[in-house]
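K.L.:
Mind looking over this structure? Questions follow.
The values are calculated or read from the model by the stated rules, or taken from the named source; none is laboratory data. Quick caveat, the model's predicted, so the values are computed rather than measured. Note that we place each Cβ from the backbone using ideal geometry, even for glycine, and neighbour counts take in every protein chain shown.
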There are 2 protein chains.
Amino acid sequence: MTTPSAGPNRVADSGREHRRAVSVEEHTELVASLLAPLRIRPADSVAVGDALGRVAASDVCAPVDLPLFRNSQMDGYAVLASDLARVPASLRVIGTVAAGPSDRIHLEAGTAVKIMTGAPMPENADAVAPIENTTYDGGVVTVTVARRAGEYVREQGSDITTGTVMVQAGEIIEPRHIAVLAAVGLSHVQVLSRPKVAVITTGAELVAAGSPLRPGQIYDSNGVALAAHLRANGADVVAVHRSSDDADEFRRILSDAVAAAELVITSGGVSMGDFEVVKDVLAPMGGHFGSVRMQPGGPQGTATIDGVPILDFPGNPVSTVVSFIVFARNAVREAAGLDAIESRSVPLAHSITSIAGKRQLLRGKLGDDGVAAIAGPGSHLVAAMAWADVLIDIPEDTTELDAGTEIQVIPL
Amino acid sequence: MTTPSAGPNRVADSGREHRRAVSVEEHTELVASLLAPLRIRPADSVAVGDALGRVAASDVCAPVDLPLFRNSQMDGYAVLASDLARVPASLRVIGTVAAGPSDRIHLEAGTAVKIMTGAPMPENADAVAPIENTTYDGGVVTVTVARRAGEYVREQGSDITTGTVMVQAGEIIEPRHIAVLAAVGLSHVQVLSRPKVAVITTGAELVAAGSPLRPGQIYDSNGVALAAHLRANGADVVAVHRSSDDADEFRRILSDAVAAAELVITSGGVSMGDFEVVKDVLAPMGGHFGSVRMQPGGPQGTATIDGVPILDFPGNPVSTVVSFIVFARNAVREAAGLDAIESRSVPLAHSITSIAGKRQLLRGKLGDDGVAAIAGPGSHLVAAMAWADVLIDIPEDTTELDAGTEIQVIPL
């Protein structure tokens, strides 16, 4: 506890601040323009086996044909179809060819070569008699079923030809893609690099999970929560730091974060209190701090240091996550090459009242009747956030909505 | 190339084999019973920050209330609502309380305490006057708007009370859950352990991706493909090995795999050729090798060594993946605590003919008209597998299906 020092208007001293409350759209545009450079980023080369879930940076073309060579579809005997014009036909067996490296063998009329599935077809052979339709005795095979030319033969390139696009630029690589990339012998694939993001939570009251609490302290949930949301949306979280309200400590941590990351997200220290470390440090460096006409998540800041964008969210746990979802999630997804998550329209399950002049983002749960709010507007309702499917997005100018009204919801 | 050695019936010498072709349902049941013990497995304790995408092993209850203590929802002044019965009201400011550890302070009538968002409410205070509705001068704050008792105060436990279930057993942990787990101060959470699976591909013809090929050799795609499918379905792939057709080499690799894994999947070496290393090694040890009435994926084997189930899939790349999807995917998902992926019914976009007596699993793509087959029944069509959304599941006894017929498809 200290005595009041400067009074409520101290923060207005910084000439850099704009205190006009902006709309959600205006702030979203500002964040999008700050994060736009993240979209142009170098590709990573990753082992095909590690590419699951990554986004192809460019079209991936087959460097070879598949099958690589003409081969047998069955265990049996490679033959000339013309030798089976009359069955049963007895053919002299001149060798065996298994799958694997082997010398080429040339088939003459009246002979057969025992062949395993996947083994290269002997030259001149044009069909395979499956082993089920043969009997073997003393170097001679008797084939009981006639075959057309080409039957049970897999022609070179019949699956895929050299140059065919196997995975398109922008596709998310799934197990089925990995199978074909490996089959054509690619060891590595070019994927979009994940945007590197550092998270800094601030607040003298924050304590790491698992530690004992003193009176007035709370657990720091914003770091792990933001990291989880970032990872789930394609980011590479390079650091999660916690700073006290000490400006020098915050500056040190911020400097490390800017050096390591392409985007820094902070939580806390942006509103109208006496100890707003994020605002106090960044506003004199050109950061913009102000209010967005929304609840929760009103106080917001942005800055750029050494070309690295910094998004400054308020510190209440729900405000932090709502800020990420409303302002940053789609920009991070686009940088990662993932599709944006769009709002959609659903009916309200019950009537809702809201505050004029503030866009409300209520936690909602989808049901058969539409979407129901599961908590009020309080920015501290973490549990409700955990149980919600969507944010119910109530426009600024709306104060009353009847049950059944179509309303925009943002999927969580 | 070698001369034919034993002829086609050699493999029938093993008394352990059952050569009767079984139905897909029968083999699915056999695999499910072999893998059933995987469902009863110990939980892992993981850091909350690493729990994204894991499955909660048990209900996770809040060990504390949230908010942990009664605190302010706004930056402003903690007051007695009764002091604001008439506004403007001037109150003597007796201190400041910020978020963070602090001594308790007791509010008397006629006084106010400057308070920051999240800071503990002074004893006896019952409302917060937001800073926007105040002016401060010489140790006295003038409040211009009346407040009800409780206004802008977050009561202890108003978000979550001790003992409340935050995440239910079996739920997949998402970012929104991580936020609440961290907020209540949990450092670790109990999650279902991922089934440990080893993969062994066999075949003298196989070469690692990126290596030069000799005639008759092909790239080994089954290892990375199976690993990717396994990971995507909740497994922990502990090893991916490649064996030649040499029985001693395969035995050595298998022994390592059994020691490290809870499930071993092999590809290749199970059909009717002369060199079927998986069958040759495992049939004498009690393995069952036979044929399933399906295409692709007909030859199948199962075995158990030291209590570890072994699934033996055929080696053609499409057969391998189709075998995994039809027989193993849901069993692995259940062991991992994930929901099974169920078939669903869609109309056929065109007519299809099929072979009587074999269940066909064609690669299909979903479109506006229903599902269209994008390749024939060939087991080597890896590219078609990469482009497919579903497997079209054509029953054994069906030979012709008209466009528009409802057909079961298995999502890929």
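K.L.:
Tell me, please, whether a residue that is within 29 Å of B:Ser193 (Cα to Cα), acidic (Asp, Glu) and out of contact with any Cys (no Cβ under 7 Å at 6 or more places or on another chain) can be found in segment B:252-259.
P.N.:
The answer is yes; a qualifying residue exists.
K.L.:
Moving to a separate point now. Any idea which residue in segment B:237-276 is surrounded by the most Cβ atoms within 10 Å (Cβ to Cβ), counting only those that are within 19 Å of B:Pro314 (Cα to Cα), within 11 Å of another protein chain (Cβ to nearest Cβ) and in contact with a strand residue (DSSP E or B) (Cβ under 7 Å, 6 or more places away or on another chain)?
P.N.:
B:Gly268
K.L.:
Checking the structure you have, find out if any residue of segment B:346-360 is modelled with pLDDT under 95 and out of contact with any strand residue (DSSP E or B) (no Cβ under 9 Å at 6 or more places or on another chain).
P.N.:
yes
K.L.:
Follow-up question, since we're still on this one. Tell me the strands (runs of 3 or more DSSP E) entirely within segment A:25-144 that contain at least 2 residues that are more than 9 Å from chain B (Cβ to nearest Cβ) and touching a residue at least 12 places away in the same chain (Cβ under 8 Å).
P.N.:
It comes to A:43-47, A:76-79, A:89-97, A:111-115, A:127-130, A:140-143.
K.L.:
Still on this model: Give the residues of segment A:40-92 that are aromatic (Phe, Trp, Tyr) and surrounded by fewer than 22 Cβ atoms within 10 Å (Cβ to Cβ), sorted by residue number.
P.N.:
A:Phe69
K.L.:
Out of B:Val308, B:Val318, I need the residue that is among the β-branched types (Val, Ile, Thr) and within 14 Å of chain A (Cβ to nearest Cβ). Which one?
P.N.:
Checking each option against the conditions leaves just B:Val318.
K.L.:
So, one more: Please determine whether any residue of segment B:242-264 is on the phi > 0 side of the Ramachandran plot and in a loop (DSSP other than H, G, I, E, B).
P.N.:
No, segment B:242-264 has no match at all.
K.L.:
For B:Arg147, are the conditions met, namely being under 25 Å from A:Pro212 (Cα atoms), among the charged types (D, E, K, R) and assigned to a loop (DSSP other than H, G, I, E, B)?
P.N.:
Considered against the rule, which asks whether it is under 25 Å from A:Pro212 (Cα atoms), among the charged types (D, E, K, R) and assigned to a loop (DSSP other than H, G, I, E, B), B:Arg147 comes out as no.
K.L.:
Could you identify the single residue in B:Gly110, B:Gly170, B:Gly100 that is at positive phi and surrounded by 15 or more Cβ atoms within 10 Å (Cβ to Cβ)?
P.N.:
B:Gly100
K.L.:
Here's another thing I want to ask about it. Checking B:Arg363 against (1) in contact with a Leu (Cβ under 8 Å, 6 or more places away or on another chain); (2) in the same structural domain as B:Ser33 (by TED's automatic domain parsing), which single condition isn't satisfied?
P.N.:
If we test B:Arg363 against (1) in contact with a Leu (Cβ under 8 Å, 6 or more places away or on another chain); (2) in the same structural domain as B:Ser33 (by TED's automatic domain parsing), just (2) comes out false.
K.L.:
Determine the pairs where a residue that is closer than 16 Å to B:Gln156 by Cα and at the interface with chain B (Cβ under 7 Å from one of its Cβ atoms), located within segment A:202-220, has a partner that is among the acidic types (Asp, Glu) and assigned to a loop (DSSP other than H, G, I, E, B) with Cβ atoms under 7 Å apart, the partner being 6 or more residues away or on another chain.
P.N.:
A:Gly216/A:Glu205; A:Gln217/A:Glu205; A:Ile218/A:Glu205
K.L.:
Let me ask something else about it. So which strands (runs of 3 or more DSSP E) are wholly in segment B:156-206 and hold at least 2 residues that are more than 22 Å from the chain's Cα centre (by Cα)?
P.N.:
B:196-202
K.L.:
For the structure I just gave you, tell me whether B:Ala303 is crowded, with 21+ Cβ neighbours inside 10 Å, in the same structural domain as B:Gly234 (by TED's automatic domain parsing) and free of Cβ contacts under 8 Å to residues at least 24 places away in the same chain.
P.N.:
yes
K.L.:
So, one more: Tally the residues that are within 14 Å of chain A (Cβ to nearest Cβ) and on the phi > 0 side of the Ramachandran plot, restricting the search to segment B:336-374.
P.N.:
Summing the residues that are within 14 Å of chain A (Cβ to nearest Cβ) and on the phi > 0 side of the Ramachandran plot in segment B:336-374 gives 1.
K.L.:
For B:Ser291, state whether it is closer than 19 Å to B:Gly223 by Cα, in contact (Cβ under 8 Å) with a residue 24 or more places away in the chain and within 14 Å of chain A (Cβ to nearest Cβ).
P.N.:
It is false that B:Ser291 is closer than 19 Å to B:Gly223 by Cα, in contact (Cβ under 8 Å) with a residue 24 or more places away in the chain and within 14 Å of chain A (Cβ to nearest Cβ).
K.L.:
I'd like the full set of residues that are among the aliphatic types (A, V, I, L, M), within 7 Å of chain A (Cβ to nearest Cβ) and in contact (Cβ under 8 Å) with a residue 12 or more places away in the chain, limited to segment B:145-182.
P.N.:
B:Ile160, B:Met166, B:Ile178, B:Val180, B:Ala182
K.L.:
What number of residues within segment B:187-210 are under 26 Å from A:Ile325 (Cα atoms), at pLDDT 95 or above and surrounded by fewer than 24 Cβ atoms within 10 Å (Cβ to Cβ)?
P.N.:
1
K.L.:
Turning to a different aspect of this structure: Could you list, in sequence order, all residues of segment A:355-377 that are closer than 24 Å to A:Val22 by Cα and surrounded by fewer than 18 Cβ atoms within 10 Å (Cβ to Cβ)?
P.N.:
Correct list: A:Ile355, A:Ala356, A:Gly357, A:Gly376, A:Pro377.
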